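Colleague: Take this structure, written in structure tokens, and hold onto it; I'll ask about it next.
The values are calculated or read from the model by the stated rules, or taken from the named source; none is laboratory data. Remember, predicted model here, so these are calculated numbers, not experimental data. A quick note on method: Cβ atoms are made from the backbone with ideal geometry, for glycine too, and the neighbour counts reach across all protein chains shown. Ligands, DNA and RNA are stripped out before the accessible areas are found, and what is left, the full protein with its side chains, is counted by its heavy atoms. Shrake-Rupley method; radii C 1.70, N 1.55, O 1.52, S 1.80 Å.
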Amino acid sequence: MNDIKVITICGSMRFSKEMMKISEELELKDGYAVIQCVYNADGEKYEGLDTELLGKIHRRKIDISDAIYLVNVNGCIGNSTKNEIIYARSLGKEILSLEPLELEGVKIPQWV
């Protein structure tokens with residue numbers, strides 16, 4: 001059972017539907033254990049969220065993962081997601097992405 005790779009989904013919440021579909025495919029078709037981070041699948045904004053706490057929680061999810069999967073629809077990567085990439089790299093995590101990604105001069109291959 002330890003041979004199952006754990007992947008945390010990263011990306012903008014505006015792509016929450018894509019995140020859920022990709023998570024489903026990664027688990028059901030590819031056999032990964034996926035940690036989703038979708039909080040507003042209905043598209044509504046939440047008032048009074050502690051974004052610092054959410055960031056800490058998300059970094060902890062990355063800590064326990066083998067890899068992160070970037071849902072970068074049309075190449076879209078926001079500041080929070082960039083920080084997640086930097087954090088994952090600092091831990092030596094594998095970085096996968098929906099679309100090809102180049103960040104800080106290091107090209108990250110597209111997920112096949």
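Colleague: Can you name every residue in region 1-21 that is open to solvent by 70 Å² or more (accessible area, probe 1.4 Å) and within 18 Å of Glu84 (Cα to Cα)?
Modeller: Hit for region 1-21 is Arg14, nothing else.
Colleague: Right, here's the next one. Would you check which residues across region 68-93 are in contact (Cβ under 8 Å) with a residue 40 or more places away in the chain and out of contact with any helix residue (DSSP H, G or I) (no Cβ under 8 Å at 6 or more places or on another chain) and list them?
Modeller: Within region 68-93, Gly78, Thr81, Ile85 meet the criteria.
Colleague: Tell me, yes or no, whether region 52-66 has at least one residue that is at pLDDT 90 or above, among the polar types (S, T, N, Q) and assigned to a strand (DSSP E or B).
Modeller: The answer is no, given that none of the residues of region 52-66 is at pLDDT 90 or above, among the polar types (S, T, N, Q) and assigned to a strand (DSSP E or B).
Colleague: Considering Gly105, Gly92, which residue is exposed (fewer than 12 other Cβ atoms within 10 Å of the Cβ) and at pLDDT 90 or above?
Modeller: Being exposed (fewer than 12 other Cβ atoms within 10 Å of the Cβ) and at pLDDT 90 or above holds for just one of Gly105, Gly92, which is Gly92.
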